[in-house]
Amino acid sequence: MTVAPYHHMLAHFPVALLSIALLIVLLRGFSDTDLARRLDHMLPYVLGLGLLGGIATFISGLVVWPIEAAISTPMGRNKILIAAWMLACWTVVLALRLKGGESVWKPGGKWLMVAMGALGGILAATTGTLGGHLLGSPSRLSGGLRALGWDVYHTYYAPGWVLAVMIATAIVAIVVGVSAARARHSSAAPAGLPEGVFNR
Ligand code: HEM
């Protein structure tokens, strides 16, 4: 049995649902209208379904070709890498929205949502483009990626200093997150006292 037609079919789910999620993130990020707020209530469901479809597409992609063939070609490696980043990026958007609730759209949080959504959109478009290359129907997006310095026919490569900056940024983010959580915890009202009384 060939899996390729199923992979093509499944790919429509993450592409469509995550594109809708991106539109909602952009709309809510730049607007506080009733429509934007109503659409935002749907966002966790759209993201959840998009991610489930993405995981199914990812798994089906891994068996389109024998895995040895996929991981021994730069294009196959790039496809796996970018598709995994894309799913990770949208998982972060979903986690932020679930954890932050509607307050994630307050100034500060909303720019993180917009930035992560835009990155997820770019990674989704790149994933589809690489699929086109694997199929022999390249799109023009790869020309844009080449102009930015990445030729998709070569395995994506990040210099050592980029990895060092990423690890340092992750450590700083963890330290900031833990100290912010501690500060919030220590300023919370003790049990039994109304918050206003304690914080006055
Ligand atoms: C969420 C993840 C993924 C998405 C959204 C996705 C999307 C796509 C799309 C849209 C195409 C067809 C392109 C076209 O018709 O022009 C395609 C083809 C393809 N993808 Fe994926 N893909 C994903 C993950 C993967 C993974 C992990 C692999 C593993 C290497 C993979 C391998 C392939 C292959 C081999 C083809 C060509 C199929 C053929 O020859 O008919 N994909 N993909």
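Just so it is clear, none of the values below were taken in a lab; they were calculated from the coordinates. The model shown is predicted, which means the values in this text are computed figures rather than measured ones. Every residue, glycine among them, receives a Cβ derived from its backbone with ideal geometry; neighbour counts consider all protein chains shown.
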Lys/Arg Cβ at +1, Asp/Glu Cβ at -1, dipole of the chain taken about the Cα centre: which of Ala158, Ser137, Gly61 is farthest positive-ward?
Ala158
So what is the calculated 222 nm ellipticity per residue for the chain, using -39500 (n - 2.57) for each DSSP H run with n of 4 or more, over all residues, to the nearest 500 deg cm²/dmol?
-26500 deg cm²/dmol
With bins 10 Å wide starting at 0, give me the P(r) of region 78-124 over every alpha carbon pair, in whole percents.
29, 48, 19, 3
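Rounded, prolate or oblate, given the Cα gyration tensor of region 46-139, with a/c below 1.5 counting as rounded? Numbers along the way, then the final one.
Values: a/c = 3.11, a/b = 2.25, b/c = 1.38.
Because a/c hits 1.5 or more and a/b exceeds b/c, region 46-139 counts as prolate.
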Contact order normalised by residue count of region 4-157, Cα under 8 Å, 6+ apart, percent
27 percent
Please give the Cα centre distance for region 1-73 versus region 76-109, rounded to the nearest Å.
12 Å
Taking the convex hull of Cα positions in the chain, its mean projected area over all directions (nm²):
15.2 nm²
Against the longest alpha carbon principal axis of the chain, how many degrees, from 0 to 90 and to the nearest 10, is the axis of helix 74-100 turned?
20 degrees
Most mobile of Leu94, Leu17, Leu39 in a GNM of the chain (Cα contacts under 10 Å):
Leu39
What longest range of the chain stays clear of loop-exposed chymotrypsin sites (Phe, Trp or Tyr not before Pro) (DSSP non-H/G/I/E/B, at most 16 other C-beta within 10 angstrom)?
1-149
